[in-house]
Amino acid sequence: MIENNNGFQLLAAHRPEVTFAVSNSEDVRDAVRSATGPVAVQATGHGLTRPLDGTGVLIDTSGMRAVEVNADGRTAWVEAGARWWDVIDAAAPHGLAPLSGSLPGVGAVSYTLGGGVGVLARRYGFAADHVRRIDLVTAGGRLRQVTPDGEPGLFWALRGGGGNFGVVTGMEIGLVPVTRLYGGTLTFDLARTPELLEAWYRWTADVPDELTSAVSALAFPDEPWAPEPVRGRHVGKVQIAFLGSQKDGDDLLEPLRALGPLADEVREIPFAQSEVVFGEPDQPHAYRGDNLLLRDLDPAKLSALVKETGSGAPAMCVVGLRHLGGALSRSPEIPNAVGHRDAGYLLGVLSPTSTEELPAVRAMHDQLLEPWSAHAMGRSLNFLFDIGEVDDAKIRSAFAPADYRRLCEIKAEVDPKGLFRAGFPIPPG
């Protein structure tokens, strides 16, 4: 047992009755058997949404970080607490890479259970599409080996359903033959290039599946901690990850470079340095975020996103757009619970905040997303970052209605009392 339950999300922390630091599947079984109240699982703490509040059991899997690569089979066995950088480092010597996210410090298992939209997404699809097997401890402490042949319903639900069906102790994932990227960031001054979001949107209309990209807008304060050349500026960043040659990448980026970036950091890099594409902070902090999945974007509304997140915004806010489609739109050979594959773009908002500022930040996020809500298809679980306010309607919106009903039926089979209800809970029945 351990005493410190702080994770990556510093806006709140789990306060369980007891915390188990586990090192193997038997430890997990013992922890689940001992539980009389709710059970939560924490590897890194990035996805904290509904913290335990003085009751229940917290299972800390951060001690289970083993990764075993089968180079011939292009697979890896990943334990519950492994982070993506553990998998990247293990796969790289074999000329392979996982379908990891934009921040390699995130837990590989929890990310994958929510679907997983990473830097290779348009070429290879969701991380959940590449799962081969999952070992799971369900209510009562039963250890199950979940495969498409042995437990097809549960295998479908776990890949994209959010993970509240038990405690995953490990998973086997497919790897892809990737060693390098043409990737990085183009940074723009939005005072000089206010049309950046519209230009990026038009540019994405005919790019190949080998190119995964995003664009974001953020106002940096004129403070010493803000780096040059963005200090005191409202900046736009275009994030690029291209599986192709530098020449082909240069040709693709020519229309964006013609807009005159402040900084151009796109170059050939080893995949092991893929975190530079998004450059996200890897230090624990307090934050809140929300998102919408959209079939397409309305160019007329994009300028408002830039204006409303500038220096006059009530709080610092990163507004981001991710280009989906490509392999993300195609169902894998063995279908899974990932919803809304026909979404073309993801619109996300995220703010560093504090408990006192949280109501104002929520209101600002709602205001930013409201003009897009009427035409939204739903939400992505991987981009829901809230504390205590992730209501059932938002969780339901991540799935087609029939798929949500099926998830509830499977939940009723494996966890009828709803023992696992932290995170993004699916109700039994």
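The values are calculated or read from the model by the stated rules, or taken from the named source; none is laboratory data. Quick caveat: nothing in here was measured; it's all calculated off a predicted structure. We place every Cβ from the backbone using ideal geometry, glycine too, and count neighbours over all the protein chains shown. Each accessible area value is taken on the protein alone, full model and side chains, heavy atoms only, with ligands, DNA and RNA left out. Shrake-Rupley method; radii C 1.70, N 1.55, O 1.52, S 1.80 Å.
Overview of results
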quantity: The stretch 387-410 - residue that is in contact with a helix residue (DSSP H, G or I) (Cβ under 8 Å, 6 or more places away or on another chain) and closer than 28 Å to L11 by Cβ and, of those, most open to solvent (accessible area, probe 1.4 Å); calculated: R396
quantity: Flag for R123 being part of a strand (DSSP E or B) and over 16 Å from the mean Cα position of the chain (by Cα); calculated: no
quantity: Positions within the stretch 275-308 being farther than 30 Å from L96 by Cα, open to solvent by 70 Å² or more (accessible area, probe 1.4 Å) and acidic (D, E), in sequence order; calculated: D296, E308
quantity: Every residue from the stretch 186-223 that is within 22 Å of Y124 (Cβ to Cβ) and open to solvent by 10 Å² or more (accessible area, probe 1.4 Å); calculated: W203, A205, D206, V207, P208, D209, E210, T212
quantity: Whichever residue in the stretch 92-101 is in contact with a strand residue (DSSP E or B) (Cβ under 8 Å, 6 or more places away or on another chain) and not aliphatic (A, V, I, L, M) and, among such residues, is most open to solvent (accessible area, probe 1.4 Å); calculated: H94
quantity: Options A272, A263; residue that is touching a helix residue (DSSP H, G or I) at 6+ places or on another chain (Cβ under 8 Å), open to solvent by less than 60 Å² (accessible area, probe 1.4 Å) and either in contact (Cβ under 8 Å) with a residue 60 or more places away in the chain or under 30 Å from D89 (Cβ atoms) (or both); calculated: A272
quantity: Of residues in the stretch 46-69 being part of a loop (DSSP other than H, G, I, E, B) and closer than 27 Å to G174 by Cβ, the one most open to solvent (accessible area, probe 1.4 Å); calculated: R65
quantity: Members of the stretch 411-429 that are modelled with pLDDT of 95 or more, of a type outside the set (A, V, I, L, M) and buried (at least 20 other Cβ atoms within 10 Å of the Cβ); calculated: K411, D415
quantity: Cross-chain or 6+ apart pairs with Cβ under 9 Å, the stretch 277-299 first and free of Cβ contacts under 8 Å to residues at least 60 places away in the same chain, then surrounded by 15 or more Cβ atoms within 10 Å (Cβ to Cβ) and in a loop (DSSP other than H, G, I, E, B); calculated: P281/L103; Q283/F8; D296/G344
quantity: Residue check, P224 assigned to a loop (DSSP other than H, G, I, E, B) and at pLDDT below 95; calculated: yes
quantity: Only listed residue being under 24 Å from A304 (Cα atoms), touching a residue at least 40 places away in the same chain (Cβ under 8 Å), charged (D, E, K, R) and touching a Leu at 6+ places or on another chain (Cβ under 9 Å), chosen from R202, R257; calculated: R257
quantity: Criterion violated by W372 - all others in (1) modelled with pLDDT of 95 or more; (2) assigned to a loop (DSSP other than H, G, I, E, B) satisfied; calculated: (2)
quantity: Flag for V78 being at pLDDT 95 or above, crowded, with 22+ Cβ neighbours inside 10 Å and in a loop (DSSP other than H, G, I, E, B); calculated: no
quantity: Condition met for P177 (in contact (Cβ under 8 Å) with a residue 12 or more places away in the chain, out of contact with any Gly (no Cβ under 7 Å at 6 or more places or on another chain) and open to solvent by 10 Å² or more (accessible area, probe 1.4 Å)); calculated: no
quantity: Residue within the stretch 335-351 that is touching a residue at least 40 places away in the same chain (Cβ under 8 Å), touching a Pro at 6+ places or on another chain (Cβ under 9 Å), among the hydrophobic types (A, V, I, L, M, F, W, C) and under 30 Å from P152 (Cβ atoms) present; calculated: yes
